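What follows is calculated from the coordinates using simple rules that are stated; it is not laboratory data. These numbers come from a predicted model, not from an experiment. Cβ placement follows ideal geometry from the backbone for every residue including glycine, while neighbour counts extend to all protein chains displayed.
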Amino acid sequence: MSASQAMESFVIKDIRVEGLQRISAGTVFNYLPVKIGDTLTEKKSQDAVRALFKTGFFRDVHLERDRDVLIVNVVERPSIAGIKIAGAKEMSEEDLKKGLKEVGLAEGRVFNKSLLDRVEQELRQQYFSRGYYAVSILPTVTPLERNRVDINIEVAEGKVARIREINLVGNQIFPDKKLLELFTLGPKPWYALFSSRDKYSKQKLAGDLERLRNFYQDQGFLEFNSDSTQVSITPDKEKIYITINFTEGKKYTVTGYKLAGTFVVPETELNSLISIKPGSVFSRKEVTETTKKMSDRLANDGYAFANVNAIPEVDKDKSEVFFTFFVDPGRRIYVRRVNFAGNVATRDEVLRREMRQLEGGWYNAAKIQRSRVRLQRLGFFEDVNVETPTVPGVADQVDVNVNVKERPTGNLMLGVGYSDTDGLLLNASVTQSNLFGTGKELGFSFDNSASVTNFNIRYVNPYYTKDGVSRGFNIFSSTVDASRANTAAYSADTRGVGVFFGIPLSEDNRVDIGADVEIIDLHTNTSSAQVAQDFVAQHGSSNTVPKITLGWSHDTLDSLLLPTSGTLQRFTAEISIPGTDIEYYKLTYLAGRYWPLSKTFTFKMKGELGYGNGYGDTDALPFYKNFYAGGSSTVRGFSSRSLGPRDTLPPNDPIGGDQRVLVNAELLFPLPGSSTDNKSMRLSLFTDGGMVYGPGEKLDLGQLRYSAGLAFNWFSPVGPLSFSYAIPLNDKPGDRIESFQFTLGVPLR
């Protein structure tokens, strides 16, 4: 008896399954909604057939009765013995098979023809989205023994359809050329070999239309309207033509504005945030920025979900618009908890002390953003994400959830590096910048090159006091053979110990104070540089110099490693204590700023001034404290330390100077093909300038040397890596040129 036939009710004494090949009887019993002892009715028999069909295992199901025995006759669907995909080049066979498996089409699974049809359509849409409109997809199912099938999918991709022309219809004010510059889609220029600009994408076209609308409305055309868009493809499915019809409308001016709604902050303060002015041309951008500024201001007082709507009153006859900014602050929100996740090695307290948004306090968007920046600048984390979900069941509370991705902060390194300044570097270091997850730093390092041998032990507690005053100690020793560093010949041994403190004055301002003692032993002979021989003749070969260091910094950069926005100013002073063997001072001022031009590009400018001199019984800055210029950290394209004054004795090597000027401008952007969120590497187009001046020389900016080039910086697993290729722009006879320069294991500039 089949399921469609009427079946008299009976009590099931036994159940027998017939027709199984691969599927076990237990699987059938598991899905069967009746069991021994049940009374089988017509409805239950229909439910049973429906349940077994729903599993997808069977092509046919019959129910029969033999006295009091229920017989379940099934015909299994075939299983998939193998899947082969041929002809796919745009997408790899491995990726395609992975996608098929996710929807249930894989070797060993039950074959379902309707699922294969759906996969074929989805695959076709994937190719369409990549511009392959001539693609042909032909699936073939081959039956095999033991109720199995092979699936072969033949793909003929064809050629990518390319955009040949975009026609604009309706523009009277602006020419086609200017408007088409707004588009990311369009015919590919002959020189853009690797551009995908001419590959059609529905999503990109929608974005281009929105950019066109924004452009017009920013120029005052309030009623701009995109009327229609036609996308046509040639019969060979290789060329695409796009026609966009739109109406520009009339240009509107703003007659005025007013505020309305509920004012939880002073109305005068909100008024000061409005950038549109009566009589000015309407600009959608300015209106949007005004509403955002007001919303952000309200969010800083706890109104996290405030709404500010710009309501226009349009006079079409006069082409004028009046705006009412309606303020709805909503409910004031406070923070219930601040939660941390992802900090496996770092203690919660290290993160919590950087938070400016506190638990139990009113929600403050600026403080939350500042907290995120402070966590990023610790250098312990590759990424920091902050979310503020509402507390379930409560209307006026949110949690602040901070998710971090830790980077290794402890290093045991034995390595080899290279610097254009010091040549081959051999180094060994044990450094833990997040000691036991406390945020403290402890390091031991030993560096050896042809010209310099350094030994250093350093300890820093960034929160020596709860107010954020830091304290550190260092013990250092170095041996210098300057003749091997392309500078005037002399050698020196330096030993010392120091202590230093950092005192935060505000969120962005900090003062550093330090004191140390240096013991310097100079070694000269008749082949040494004249400047070294003169210094030893006047001050002796061994000097003990206690000195203090003072510093001030203003730092609003958004990242410690690869910043994209913010400013940095830093002033440092190194001053020997009066009455000691050598009396001198050395001053440096640095100023830099980063401008984010887009999500991809950042523009950076930096300048530095340095000046030093002696005082008391010392008539000049000690020559071994001189400034230098040239090389990967100052003026690329010129040999390291090569710019400026030279020694009077042959071979007239550079000796540095007591004044220095450096300038730098760079356009920073990601490596092509890498994600814009990559936080470890980037390229830059740069221009460097700089010069060093000796005692008594006039600071002549006309003497600055300039270079321009391309640089690549990477925080690699083996340390900071930097490559640059620069061409000097105004080199003079006698300048030492070095276009290609690279460093490994040396902090990036």
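R0 = 41 Å: FRET efficiency of ILE575 with ASP301, Cβ-based, nearest 0.05? With a Förster radius of 41 Å, E is 0.35.
With +1 assigned to the C-beta of every Lys and Arg and -1 to the C-beta of every Asp and Glu, and no other charges, what is the dipole magnitude of region 540-690 about the Cα centre in debye, to the nearest 20?
On the way: 14 positive and 14 negative charges, 129 e Å.
Dipole about the Cα centre, nearest 20: 620 debye.
Calculated FRET efficiency, ARG374 to VAL141, Cβ-Cβ distance, R0 = 51 Å: about 0.25 to the nearest 0.05.
Under DSSP H, which helices of the chain have Cα atoms covering 30 Å or more of the helix axis and a Kyte-Doolittle average no less than 1.0?
Working: long enough: none.
Passing helices, by number: none.
Relative contact order of region 334-406, please, whole-number percent, based on alpha carbon pairs below 8 angstrom and at least 6 residues apart. It would help to have the intermediate numbers written out before the result.
Numbers: 126 pairs, mean separation 31.3, N = 73.
Computed over region 334-406, the figure is 43 percent.
Estimate the FRET efficiency between LEU182 and GLU122 by the formula 1/(1 + (r/R0)^6), using the beta-carbon distance for r and 22 Å for R0, to the nearest 0.05. Write down the numbers at each step before the final one.
Working: r = 33 Å, r/R0 = 1.49.
With a Förster radius of 22 Å, E is 0.10.
Under unit Cβ charges (Lys, Arg +1; Asp, Glu -1), what dipole magnitude, rounded to 20 debye, does region 410-744 have relative to its Cα centre? Show your work: numbers first, answer last.
Details: 25 positive and 33 negative charges, 181 e Å.
Dipole magnitude for region 410-744 comes out near 860 debye.
The per residue volume of the convex hull around the alpha-carbon atoms of region 162-247 is 96 Å³.
To check you understand DSSP bridge types, tell me what percent of the beta bridges within region 334-406 (both residues inside) are antiparallel, rounded to 5. Before the final figure, lay out the partial values.
Working: 8 of 14 bridges.
Rounded to the nearest five, the antiparallel share is 55 percent.
The label point for THR438 and the one for GLU76, both projected 7 Å from the Cα toward the Cβ, are 6.6 nm apart. Taking 7 Å steps out from each Cα toward its Cβ at GLU406 and ARG331 produces label points 3.7 nm apart.
Distance from the C-alpha centroid of region 243-270 to that of region 87-145: 51 Å, rounded to the whole angstrom.
Averaging Cα coordinates gives a centre for region 306-341 and one for region 167-182; these two points are 33 Å apart.
Using only alpha-carbon positions in the chain, the gyration tensor eigenvalues give semi-axes of 66, 37, 32 Å once each is multiplied by 5 and square-rooted (largest first). With the simple spin-label model, which puts each label point 7 Å out from Cα in the Cβ direction, the ILE727 to LYS316 separation comes to 5.8 nm. Computed over neighbours whose Cβ is under 12 Å from that of GLY170, the net charge equals -3, Lys and Arg +1, Asp and Glu -1. Normalised by the number of residues in the chain, the mean separation of alpha-carbon contacts (under 8 Å, six or more apart) gives a relative contact order of 5 percent.
Computed over every Cα-Cα pair of region 227-342 and binned at 5 Å starting from 0, the pair-distance distribution P(r) comes out as 2, 10, 16, 14, 11, 9, 9, 8, 7, 7, 5, 2, 1, 0 percent. Compared with the alpha-carbon gap, the fully stretched path from VAL511 to ARG67 is longer by 150.1 nm at 0.36 nm per residue.
How would region 334-406 be classified by its alpha-carbon gyration tensor: rounded, prolate or oblate, with rounded meaning a/c under 1.5 and the a/b versus b/c comparison settling the rest? Judged from the Cα gyration tensor, region 334-406 comes out prolate (a/c at least 1.5, a/b above b/c).
Between THR549 and ASN339, residue separation times 0.36 nm minus the direct Cα-Cα distance comes to 71.7 nm.
For region 307-364, state which trypsin sites (Lys or Arg not before Pro) are in a DSSP loop and have at most 12 other beta carbons lying within 10 Å of their beta carbon. Could the numbers behind the result be given before it?
Values: sites: LYS316, LYS318, ARG331, ARG332, ARG336, ARG337, ARG347, ARG352, ARG353, ARG356; in loops: LYS316, LYS318, ARG331, ARG332, ARG347, ARG353, ARG356.
Listed in order of number, the matching sites are LYS316, LYS318, ARG331.
Taken over the alpha carbons of region 79-156 as equal point scatterers, the Debye sum produces base-10 log I(q)/I(0) values at 0.19, 0.21, 0.24 Å⁻¹ of -0.77, -0.93, -1.19.
Just the projected area, averaged over all directions, of the convex hull on the alpha carbon atoms of region 10-76: how many nm²? Don't skip to the end; give the middle numbers.
Details: hull surface 15.4 nm².
The directionally averaged projection comes out at 3.8 nm².
Distance from the alpha carbon centroid of region 525-552 to that of region 635-704 works out to 25 angstrom. Here the dipole of region 252-322 is about 180 debye; that uses its Cα centre as origin and unit charges on the Cβ of Lys and Arg (positive) and Asp and Glu (negative).
Per-residue counts of other Cβ atoms within 10 Å, averaged by peptide: what ranking do you get for 166-173, 653-660, highest first? Walk me through the numbers before you get to the answer.
Numbers: 166-173: 13.8, 653-660: 23.6.
Result, highest mean first: 653-660, 166-173.
With the charge dipole of region 79-156 set up from +1 on Lys and Arg Cβ and -1 on Asp and Glu Cβ about the Cα centre, the Cα lying farthest toward the positive end among the listed residues TYR132, ILE153, LEU105 is that of LEU105.
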